[in-house]
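Colleague: Dumping the structure here so I can ask a few things about it.
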Amino acid sequence: MTAPTLDRPPAAEPPEPVPLPAEPSPPAPPALSGGRRRVVQAGWAATLAAALLLGFAGYLLALSGLQQQHFQSTAYKTFRDRLATAVAPTGPTADGDPVAVVDIPAIGLRQAVVVEGTTGRDLMRGPGHRRDSVLPGQRGASVLFGRGSSFGAPFARLSELRVGDRIEVTTGQGSSVYVVNAYGDGDHPITDTAPARLVLVTSDSGWIPTGTVLVGARLDGEPQPAAGGRPALLPADRALAVDSGALAGLQLWALALLGAAAATTVAVRRWHPRAGWLSLSPVLAALLWAVYENAAALLPNLY
């Protein structure tokens, strides 16, 4: 005989979950009309242009001086070694080569290396010797140009010189001392019949130069013989001239900068933002520096 079994009631099925109401999606930003889009794009373009112009001003007034100091340091060592081995130039030489060292204590200019040539690029390196004149210390008139505002502004205080101030110059032929004795400008050149003299030239303004300031000095002592066959003066060598040849370089470097900016945008969006910026920022900075340097060559060479 089997024990009676009790029937169990069927298990109750769990209630179906009640779906929660969906959260409303944020409204899409209103699409810009054609006119407003053009205004926004123009605003971004104006902001970018203003940033580039401010960067160029900072380059001219601050960073260009560091560039000039770096070249001066290297050129001074080169010229010192050439003096020690008696191979410093005493006549015509290549553009940018160091040809002298000048000291003007009255305006705080000390051991400034003078390079051959007076184009805008030459004067980025320091004071420049005008190629058609004799070297300092030699018989005749030697002419030196120097910037008044940018790239270290070695001749910024030239107008502070007074009659009797000394100018000391060292070349491959030895040391010479000049004594300031005359002043002039672009409209009133210095007229001096001394057998050996020095003429220093810079711009008449630190903002928008329209003329030149000239300071003349006579050699105190016997002049050295001058080598013949001085090269002819080029248009870019003249006072306040611009280096028109830098325009092609500016265009090429600007195109390279635009290409690098486009590559950076692609890398930031499709690769990794931080890695893209870290990888390509040095490239952008170097290209922007090259653009600024070529743009500076289009300014008056004494600026």
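Colleague: For Trp253, Trp289, Trp207, Trp271, what ranking results if the residue with the fewest other Cβ atoms within 10 Å of its Cβ goes first? Write down the numbers at each step before the final one.
Modeller: Working: Trp253 21, Trp289 16, Trp207 7, Trp271 11.
Ordered by Cβ neighbours within 10 Å, fewest first: Trp207, Trp271, Trp289, Trp253.
Colleague: Additional query: Taking the DSSP beta bridges in the stretch 59-237 as the whole, what percent of them are antiparallel, to the nearest 5?
Modeller: 75
Colleague: Now a separate question. Would you mind ranking Ile190, Ile208 so that the residue whose beta carbon has the fewest other beta carbons within 10 Å leads the list? Before the final figure, lay out the partial values.
Modeller: Details: Ile190 17, Ile208 9.
By the 10 Å Cβ count, ascending, the order reads Ile208, Ile190.
Colleague: Tell me, in nm to one decimal, what length is gained between Arg270 and Gln69 on full extension, where the rule is 0.36 nm per residue of separation less the Cα-Cα distance? It would help to have the intermediate numbers written out before the result.
Modeller: On the way: separation 201, 0.36 × 201 = 72.36 nm, distance 4.10 nm.
68.3 nm is the gain from fully extending Arg270 to Gln69.
Colleague: Let me ask something additional. Using the Cα atoms of the chain to build a convex hull, what is its mean projected area in square nanometres?
Modeller: Details: hull surface 135.0 nm².
Across all orientations, the chain yields a mean hull projection of 33.8 nm².
Colleague: Only counting other Cβ atoms within 10 Å, I'd like Val242, Val177 sorted with the fewest neighbours first. Please report the intermediate quantities before stating the final value.
Modeller: Values: Val242 18, Val177 15.
Going from sparsest to densest Cβ surroundings: Val177, Val242.
Colleague: As a test of the formula, what do you get for the chain when each DSSP H run with n ≥ 4 contributes -39,500 (n - 2.57) and the sum is divided by the residue count, at 222 nm and rounded to the nearest 500 deg cm²/dmol? Walk me through the numbers before you get to the answer.
Modeller: On the way: 5 runs with 99 residues, N = 303.
Rounded to the nearest 500, the figure is -11000 deg cm²/dmol.
Colleague: If you average the sequence gap of Cα pairs under 8 Å that are 6 or more apart and divide by the length of the stretch 59-237, what percent do you get for the contact order?
Modeller: On the way: 432 pairs, mean separation 40.9, N = 179.
Result for the stretch 59-237 is 23 percent.
Colleague: Can you compute the modelled spin-label distance between Ser279 and Asp187, with each label point 7 Å from Cα toward Cβ, in nm?
Modeller: Result for the modelled spin labels: 6.0 nm.
Colleague: Does the stretch 59-237 come out rounded, prolate or oblate by the C-alpha gyration tensor, with a ≥ b ≥ c the root eigenvalues, rounded set by a/c under 1.5 and, if not, prolate when a/b is larger than b/c and oblate if not?
Modeller: On the way: a/c = 1.40, a/b = 1.06, b/c = 1.32.
Note, shape of the stretch 59-237 comes out rounded.
The numbers here are math on the coordinates, done by the rules we state, and not lab data. Predicted, not measured: the structure shown is a model, and the values here were computed from it. Glycine also receives a Cβ, built like all others from the backbone with ideal geometry; neighbour counts cover every protein chain displayed.
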